[in-house]
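Input: a single structure, listed below in C-alpha coordinates.
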Amino acid sequence: MTGAHRMPIFDAHFHIVDPRFPVTPNQGYVPPAFTVADYRERVRGLGVTGGAVVSGSFHGFDQSYLLDALSLLGPGFVGVTQLPATVTDDEITRLNDAGVRGIRFNIRRGGSESVDHLGTLARRVHDVAGWHTELYVDARALPELTGTIAALPAVSIDHLGLSAAGLPHLAALVDRGVRVKATGFGRVDFDVAPVLRAVADRNPHALMFGTDLPSTRAPRPFLDTDVEIVTDALGPELAARALHDNAAQFYRVR
(Lines give C-alpha, C1' and ligand atoms only; values in the text may rest on other atoms or scores of the structure.)
Protein backbone atom coordinates (compact mmCIF):
# COMPACT_ATOMS: atom_id res chain seq x y z
CA MET A 1 0.00 0.00 0.00
CA THR A 2 2.30 2.69 -1.25
CA GLY A 3 2.41 5.70 -3.50
CA ALA A 4 -0.78 6.90 -5.16
CA HIS A 5 -2.86 4.08 -3.64
CA ARG A 6 -2.18 5.09 -0.05
CA MET A 7 -5.11 6.74 1.74
CA PRO A 8 -4.55 9.44 4.36
CA ILE A 9 -4.95 8.21 7.93
CA PHE A 10 -6.22 9.96 11.02
CA ASP A 11 -4.81 7.70 13.73
CA ALA A 12 -7.74 7.74 16.14
CA HIS A 13 -6.03 5.76 18.91
CA PHE A 14 -2.43 5.62 20.05
CA HIS A 15 -0.50 6.06 23.28
CA ILE A 16 2.61 8.01 24.18
CA VAL A 17 4.75 6.77 27.06
CA ASP A 18 7.44 9.31 27.88
CA PRO A 19 9.74 8.42 30.80
CA ARG A 20 10.09 12.12 31.64
CA PHE A 21 6.57 12.01 33.07
CA PRO A 22 4.85 9.89 35.76
CA VAL A 23 3.66 6.37 34.93
CA THR A 24 1.56 4.37 37.40
CA PRO A 25 1.84 0.56 37.31
CA ASN A 26 -1.48 -1.04 36.40
CA GLN A 27 -1.96 -4.54 37.80
CA GLY A 28 1.83 -4.67 37.99
CA TYR A 29 2.29 -3.63 34.37
CA VAL A 30 4.60 -0.77 33.42
CA PRO A 31 4.74 -0.02 29.68
CA PRO A 32 8.00 0.45 27.80
CA ALA A 33 8.89 3.93 26.60
CA PHE A 34 7.22 5.08 23.39
CA THR A 35 7.91 8.76 22.83
CA VAL A 36 6.59 11.15 20.22
CA ALA A 37 9.81 10.59 18.28
CA ASP A 38 9.26 6.81 18.46
CA TYR A 39 5.69 7.23 17.23
CA ARG A 40 6.67 9.43 14.31
CA GLU A 41 9.32 6.96 13.24
CA ARG A 42 6.96 3.98 13.54
CA VAL A 43 4.23 5.49 11.37
CA ARG A 44 6.56 7.00 8.82
CA GLY A 45 5.25 5.99 5.41
CA LEU A 46 1.72 5.14 6.57
CA GLY A 47 0.23 8.46 5.51
CA VAL A 48 -0.76 9.63 9.00
CA THR A 49 -1.97 13.23 8.83
CA GLY A 50 -3.18 13.56 12.43
CA GLY A 51 -4.51 11.55 15.30
CA ALA A 52 -5.61 11.18 18.91
CA VAL A 53 -3.22 10.58 21.81
CA VAL A 54 -5.19 8.46 24.28
CA SER A 55 -4.42 8.20 28.00
CA GLY A 56 -3.86 4.61 29.12
CA SER A 57 -4.58 3.00 32.47
CA PHE A 58 -0.96 3.60 33.45
CA HIS A 59 -1.31 7.38 32.96
CA GLY A 60 -3.94 7.77 35.66
CA PHE A 61 -4.98 11.41 35.88
CA ASP A 62 -1.61 12.86 34.83
CA GLN A 63 -1.97 15.56 32.18
CA SER A 64 1.69 16.62 31.91
CA TYR A 65 2.68 13.88 29.43
CA LEU A 66 -0.37 14.60 27.26
CA LEU A 67 0.10 18.37 27.07
CA ASP A 68 3.76 17.85 26.19
CA ALA A 69 2.91 15.27 23.51
CA LEU A 70 0.32 17.54 21.92
CA SER A 71 2.75 20.45 21.83
CA LEU A 72 5.35 18.25 20.10
CA LEU A 73 2.93 16.61 17.64
CA GLY A 74 1.43 19.91 16.57
CA PRO A 75 -1.59 20.64 14.34
CA GLY A 76 -3.86 17.75 13.44
CA PHE A 77 -3.33 15.91 16.72
CA VAL A 78 -5.68 15.97 19.69
CA GLY A 79 -5.91 14.27 23.08
CA VAL A 80 -8.22 11.96 25.00
CA THR A 81 -7.65 12.06 28.73
CA GLN A 82 -8.80 10.58 32.04
CA LEU A 83 -10.19 12.89 34.69
CA PRO A 84 -11.53 12.54 38.23
CA ALA A 85 -15.11 13.50 38.95
CA THR A 86 -13.74 16.36 41.06
CA VAL A 87 -12.18 18.10 38.04
CA THR A 88 -13.12 21.76 37.76
CA ASP A 89 -14.72 23.39 34.74
CA ASP A 90 -11.67 25.64 34.49
CA GLU A 91 -9.39 22.60 34.18
CA ILE A 92 -11.59 21.10 31.47
CA THR A 93 -11.43 24.40 29.59
CA ARG A 94 -7.65 24.57 30.01
CA LEU A 95 -7.24 21.09 28.58
CA ASN A 96 -9.62 21.86 25.74
CA ASP A 97 -7.57 24.92 24.83
CA ALA A 98 -4.51 22.65 24.66
CA GLY A 99 -6.22 20.28 22.23
CA VAL A 100 -7.96 17.67 24.38
CA ARG A 101 -11.23 16.56 22.80
CA GLY A 102 -12.46 13.58 24.81
CA ILE A 103 -12.59 11.79 28.15
CA ARG A 104 -11.87 8.09 28.57
CA PHE A 105 -13.33 5.57 31.00
CA ASN A 106 -11.13 2.48 31.17
CA ILE A 107 -13.68 -0.03 32.38
CA ARG A 108 -11.53 -3.02 31.41
CA ARG A 109 -8.21 -2.04 33.01
CA GLY A 110 -9.08 0.65 35.53
CA GLY A 111 -6.90 3.70 36.13
CA SER A 112 -9.70 6.10 35.17
CA GLU A 113 -12.69 7.46 37.05
CA SER A 114 -15.24 4.87 38.19
CA VAL A 115 -18.05 3.97 35.82
CA ASP A 116 -20.38 5.17 38.58
CA HIS A 117 -19.55 8.69 37.40
CA LEU A 118 -19.91 7.92 33.68
CA GLY A 119 -23.24 9.63 33.09
CA THR A 120 -22.63 12.80 35.06
CA LEU A 121 -18.97 13.38 34.13
CA ALA A 122 -19.47 12.57 30.45
CA ARG A 123 -22.33 15.03 30.21
CA ARG A 124 -20.38 17.70 32.08
CA VAL A 125 -17.30 17.61 29.82
CA HIS A 126 -19.62 17.76 26.81
CA ASP A 127 -21.51 20.72 28.23
CA VAL A 128 -18.32 22.59 29.17
CA ALA A 129 -16.14 21.84 26.14
CA GLY A 130 -18.06 19.73 23.62
CA TRP A 131 -16.04 16.60 24.42
CA HIS A 132 -17.12 13.08 23.60
CA THR A 133 -16.60 9.99 25.79
CA GLU A 134 -14.49 6.93 24.97
CA LEU A 135 -14.96 3.54 26.62
CA TYR A 136 -12.48 0.72 26.88
CA VAL A 137 -14.90 -2.09 27.65
CA ASP A 138 -15.55 -5.68 26.70
CA ALA A 139 -18.79 -5.52 24.74
CA ARG A 140 -20.20 -8.37 26.84
CA ALA A 141 -20.54 -5.79 29.63
CA LEU A 142 -22.49 -3.32 27.51
CA PRO A 143 -26.05 -4.39 28.44
CA GLU A 144 -25.68 -3.07 31.99
CA LEU A 145 -24.37 0.25 30.59
CA THR A 146 -26.66 0.64 27.58
CA GLY A 147 -29.12 2.99 29.25
CA THR A 148 -26.36 5.31 30.41
CA ILE A 149 -24.46 5.19 27.11
CA ALA A 150 -27.54 5.77 24.98
CA ALA A 151 -28.33 8.93 26.94
CA LEU A 152 -24.90 10.49 26.30
CA PRO A 153 -24.38 13.02 23.50
CA ALA A 154 -21.33 11.39 21.86
CA VAL A 155 -19.60 8.07 22.60
CA SER A 156 -17.05 5.73 21.04
CA ILE A 157 -16.06 2.19 22.04
CA ASP A 158 -12.47 0.98 21.76
CA HIS A 159 -11.09 -2.03 19.92
CA LEU A 160 -14.29 -3.22 18.23
CA GLY A 161 -15.63 -4.18 21.65
CA LEU A 162 -13.03 -6.97 22.00
CA SER A 163 -15.29 -10.03 22.11
CA ALA A 164 -17.39 -11.97 19.62
CA ALA A 165 -19.96 -12.67 22.32
CA GLY A 166 -20.47 -8.93 22.75
CA LEU A 167 -20.91 -8.04 19.09
CA PRO A 168 -24.74 -8.04 19.15
CA HIS A 169 -24.64 -5.52 22.00
CA LEU A 170 -22.12 -3.40 20.09
CA ALA A 171 -24.30 -3.50 16.97
CA ALA A 172 -27.31 -2.29 18.94
CA LEU A 173 -25.36 0.76 20.10
CA VAL A 174 -24.06 1.44 16.60
CA ASP A 175 -27.69 1.66 15.54
CA ARG A 176 -28.08 4.38 18.17
CA GLY A 177 -25.16 6.44 16.87
CA VAL A 178 -22.26 5.15 18.96
CA ARG A 179 -18.89 5.20 17.18
CA VAL A 180 -16.49 2.23 17.15
CA LYS A 181 -12.69 2.29 17.17
CA ALA A 182 -11.31 -0.01 14.47
CA THR A 183 -8.25 -0.61 16.59
CA GLY A 184 -6.43 -3.35 18.44
CA PHE A 185 -6.98 -6.08 15.84
CA GLY A 186 -4.58 -8.27 17.83
CA ARG A 187 -6.74 -7.95 20.94
CA VAL A 188 -10.04 -9.31 19.63
CA ASP A 189 -11.26 -12.92 19.55
CA PHE A 190 -12.92 -12.79 16.10
CA ASP A 191 -12.14 -12.31 12.42
CA VAL A 192 -11.90 -8.54 12.00
CA ALA A 193 -12.84 -8.07 8.34
CA PRO A 194 -16.50 -9.17 8.44
CA VAL A 195 -17.07 -7.21 11.65
CA LEU A 196 -15.68 -4.06 10.03
CA ARG A 197 -18.03 -4.52 7.11
CA ALA A 198 -21.02 -5.22 9.35
CA VAL A 199 -20.43 -2.06 11.40
CA ALA A 200 -19.90 0.10 8.30
CA ASP A 201 -23.05 -1.29 6.72
CA ARG A 202 -25.06 -0.34 9.82
CA ASN A 203 -23.57 3.15 9.96
CA PRO A 204 -20.92 4.34 7.48
CA HIS A 205 -19.87 7.06 9.95
CA ALA A 206 -19.23 4.71 12.87
CA LEU A 207 -15.77 3.23 12.27
CA MET A 208 -12.61 5.13 13.22
CA PHE A 209 -9.29 3.46 12.53
CA GLY A 210 -6.30 3.70 14.84
CA THR A 211 -2.94 1.98 15.15
CA ASP A 212 -3.22 1.33 18.91
CA LEU A 213 0.55 1.86 19.05
CA PRO A 214 2.57 0.80 20.92
CA SER A 215 0.03 -2.01 21.40
CA THR A 216 0.63 -2.33 25.13
CA ARG A 217 -0.21 -5.83 26.41
CA ALA A 218 -1.77 -6.81 23.07
CA PRO A 219 -1.26 -10.49 22.16
CA ARG A 220 -0.44 -9.33 18.63
CA PRO A 221 0.82 -5.76 18.08
CA PHE A 222 -0.22 -3.42 15.27
CA LEU A 223 1.04 -4.35 11.82
CA ASP A 224 1.12 -2.07 8.78
CA THR A 225 -1.00 -4.69 7.03
CA ASP A 226 -3.84 -3.89 9.44
CA VAL A 227 -4.52 -0.90 7.19
CA GLU A 228 -4.97 -3.30 4.29
CA ILE A 229 -7.50 -5.29 6.31
CA VAL A 230 -9.60 -2.12 6.45
CA THR A 231 -9.25 -1.21 2.78
CA ASP A 232 -9.89 -4.76 1.59
CA ALA A 233 -12.92 -5.23 3.85
CA LEU A 234 -14.59 -1.91 3.15
CA GLY A 235 -13.68 -0.80 -0.35
CA PRO A 236 -12.45 2.68 -1.28
CA GLU A 237 -15.33 4.90 -0.14
CA LEU A 238 -16.05 3.31 3.24
CA ALA A 239 -12.34 2.79 3.89
CA ALA A 240 -11.63 6.48 3.32
CA ARG A 241 -14.24 7.28 5.93
CA ALA A 242 -12.93 4.74 8.42
CA LEU A 243 -9.27 5.62 7.93
CA HIS A 244 -9.66 9.38 8.07
CA ASP A 245 -12.92 11.25 7.59
CA ASN A 246 -15.07 9.82 10.38
CA ALA A 247 -12.50 10.43 13.10
CA ALA A 248 -11.43 13.85 11.80
CA GLN A 249 -15.06 14.90 12.06
CA PHE A 250 -15.62 13.27 15.46
CA TYR A 251 -12.49 14.85 16.94
CA ARG A 252 -13.29 18.17 15.28
CA VAL A 253 -10.04 18.35 13.34
CA ARG A 254 -10.15 20.22 10.04
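The values are calculated or read from the model by the stated rules, or taken from the named source; none is laboratory data. Predicted, not measured: the structure shown is a model, and the values here were computed from it. For neighbour counting, all protein chains shown are included, and Cβ atoms are generated from backbone atoms with ideal geometry for every residue, glycine included. Keep in mind that these areas ignore ligands, DNA and RNA; they rest on the heavy atoms of the full protein, side chains included. Shrake-Rupley method; radii C 1.70, N 1.55, O 1.52, S 1.80 Å.
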With the first residue restricted to region 169-182 and required to be closer than 13 Å to I149 by Cα, and the second required to be among the aromatic types (F, W, Y), Cβ contacts under 7 Å at 6 or more apart or on different chains are R179/F250
When restricted to L173, L213, the only residue in a helix (DSSP H, G or I) and either buried (at least 19 other Cβ atoms within 10 Å of the Cβ) or in contact with a Cys (Cβ under 7 Å, 6 or more places away or on another chain) (or both) is L173
Does T93 meet the test of being in contact with a helix residue (DSSP H, G or I) (Cβ under 8 Å, 6 or more places away or on another chain), among the hydroxyl-bearing types (S, T, Y) and in a helix (DSSP H, G or I)? yes
When region 110-140 is checked residue by residue, the ones that are in contact with a Gly (Cβ under 9 Å, 6 or more places away or on another chain), assigned to a helix (DSSP H, G or I) and open to solvent by 30 Å² or more (accessible area, probe 1.4 Å) are R140
Residues of region 141-165 being within 19 Å of A12 (Cβ to Cβ) and either assigned to a helix (DSSP H, G or I) or without any contact (Cβ under 8 Å) to a residue 12 or more places away in the chain (or both), in sequence order, are I149, D158, H159, L160, G161
Of the residues in region 15-33, those that are open to solvent by less than 20 Å² (accessible area, probe 1.4 Å) and over 19 Å from L95 (Cβ atoms) number 3
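Please find, among E237, E228, the residue that is in contact (Cβ under 8 Å) with a residue 60 or more places away in the chain, at negative phi and open to solvent by 60 Å² or more (accessible area, probe 1.4 Å). Don't jump to the end; show me each part of the working.
Working: E237 fails: in contact (Cβ under 8 Å) with a residue 60 or more places away in the chain.
Answer to the check: E228.
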Looking at region 98-109, is at least one residue open to solvent by less than 30 Å² (accessible area, probe 1.4 Å), of a type in the set (F, W, Y), closer than 19 Å to V137 by Cα and not in a loop (DSSP other than H, G, I, E, B)? yes
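Restricting attention to region 199-210, which residues are within 16 Å of the chain's Cα centre (by Cα) and either assigned to a loop (DSSP other than H, G, I, E, B) or farther than 22 Å from Y39 by Cα (or both)?
First, pick out the residues of region 199-210 that are within 16 Å of the chain's Cα centre (by Cα): 205-210.
Result: H205, A206, L207, G210.
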*Residue check, A247 under 14 Å from R179 (Cβ atoms) and either within 18 Å of the chain's Cα centre (by Cα) or assigned to a helix (DSSP H, G or I) (or both)*: yes
**Message:** Could you go through region 220-240 and let me know if any residue there is in a loop (DSSP other than H, G, I, E, B) and over 19 Å from G45 (Cβ atoms).
**Reply:** yes
Apart from one, (1) without any contact (Cβ under 8 Å) to a residue 40 or more places away in the chain; (2) surrounded by fewer than 19 Cβ atoms within 10 Å (Cβ to Cβ); (3) of a type outside the set (G, A, S) all hold for T81; the odd one out is (2)
